[in-house]
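Colleague: Can you read through this structure? Questions will come right after.
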Amino acid sequence: MKRNVVWHLRFSQQARWTADLRRYVFSQISNVHDILEVGCGTGAVLSDLPDFDAPGSPVRLTGLDLDPDFLQTASAGLPGARFVLGDAHILPFSTSSFDLAFTHYLLLWVKNPLGALQECRRVVRPGGWVAAFAEPDYGGRIDYPAGLTILGEAQEKSLQRQGAEPRLGRQLKALFHQAGFKEIECGVIGAQWQSQPTSQELDLEWEVALMDVQDDFSQAEISAFRELYFGPNNDAENILFVPTFYAFGQV
Ligand SMILES: C[S@@+](CC[C@H](N)C(=O)[O-])C[C@H]1O[C@@H](n2cnc3c(N)ncnc32)[C@H](O)[C@@H]1O
């Protein structure tokens, strides 16, 4: 599969995990017409925003990302939106241009998460909102059965090698406070395992894990993990839980 297709599938899967949270956040805020996603990737979240109250005024969507290939995919999927190549640390927008700026699995990847949040704050009008919908914390990850724990630990190290901060989640409340927001709400997204993952979801999870750790283990070790991952009782018994924090606050 092409890089963009794998990532778009992955981003769309992650967007489904946070759909209920987005509905909740949009129910708590109002007068939101101009919306910016910083680090929008392939546009998976921008194309899955809940309906919200914007009487008489159409919603205008803007996505910004460093990756031109991702932006091309985003633009093809959401032709009505505006997509801009840029860096979260120096947003190419005037002060008070948006009603809402949000991120989704971004802050763990940026060099200066506080600076990026302060930039979001700058481009949002007074009274508007900034939301970080999903920031994981791999320090609280739970893998079951126990044989998969080592895979989880390797994935955390791999994220560090790639330049990410895998324990950003626990810092999110402090970052929102330090960036000067009001009315901050912060929490952890819940997890339920009532329904069985589809084989496509399991395949995607495995493909992402493999990309992260394939250089850390021998072929035999990878095969053993694969056995645990896709074993006969996997659907019914396995647990993979990464606490994922969210926060939103008013400018
Ligand atoms: C894990 S992806 C999430 C994409 C999208 N938010 C989603 O959830 O579908 C992180 C995205 O942030 C982008 N990114 C990383 N650092 C960035 C920066 N400094 N400025 C803008 N985008 C950045 C990456 O190119 C990537 O598209």
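Colleague: For the range 178-218, what are the residues that are of a type in the set (Gly, Ala, Ser) and surrounded by 15 or more Cβ atoms within 10 Å (Cβ to Cβ)?
Modeller: Passing the criteria: 179, 209.
Colleague: Is the range 91-107 home to any residue that is part of a helix (DSSP H, G or I) and either surrounded by fewer than 15 Cβ atoms within 10 Å (Cβ to Cβ) or of a type in the set (S, T, N, Q) (or both)?
Modeller: The answer is no, given that none of the residues of the range 91-107 is part of a helix (DSSP H, G or I) and either surrounded by fewer than 15 Cβ atoms within 10 Å (Cβ to Cβ) or of a type in the set (S, T, N, Q) (or both).
Colleague: Follow-up question, since we're still on this one. Can you name every residue in the range 1-44 that is within 16 Å of residue 129 (Cβ to Cβ), more than 8 Å from the ligand (Cβ to nearest atom) and of a type in the set (A, V, I, L, M, F, W, C)?
Modeller: 21, 25, 26, 29, 32, 35, 36
Colleague: Has the range 54-72 got any residue that is within 7 Å of the ligand (Cβ to nearest atom), touching a His at 6+ places or on another chain (Cβ under 7 Å), in contact (Cβ under 8 Å) with a residue 40 or more places away in the chain and not in a strand (DSSP E or B)?
Modeller: So the first thing to find is which residues in the range 54-72 are within 7 Å of the ligand (Cβ to nearest atom), and the list is 64-67, 70.
Applying the additional criterion that residues be touching a His at 6+ places or on another chain (Cβ under 7 Å) yields none.
Looking for residues that are within 7 Å of the ligand (Cβ to nearest atom), touching a His at 6+ places or on another chain (Cβ under 7 Å), in contact (Cβ under 8 Å) with a residue 40 or more places away in the chain and not in a strand (DSSP E or B), one finds none in the range 54-72, hence no.
Colleague: Next question. Show me the helices (runs of 4 or more DSSP H) found entirely inside the range 132-251 where at least 2 residues are over 22 Å from residue 15 (Cα atoms) and within 19 Å of the chain's Cα centre (by Cα).
Modeller: Result: 149-161, 172-178.
Colleague: Mind checking which pairs have a first residue in the range 86-112 that is more than 6 Å from the ligand (Cβ to nearest atom) and a second that is in a loop (DSSP other than H, G, I, E, B) and of a type in the set (Phe, Trp, Tyr), Cβ under 7 Å, 6 or more apart or different chains?
Modeller: none
Quick note: the coordinates plus some simple rules give every number you see, no bench work behind them. Here the structure is a predicted model, which means the values were calculated and not measured. Using ideal geometry, Cβ is built from the backbone for each residue, glycine included, and neighbour counts are taken over all protein chains shown.
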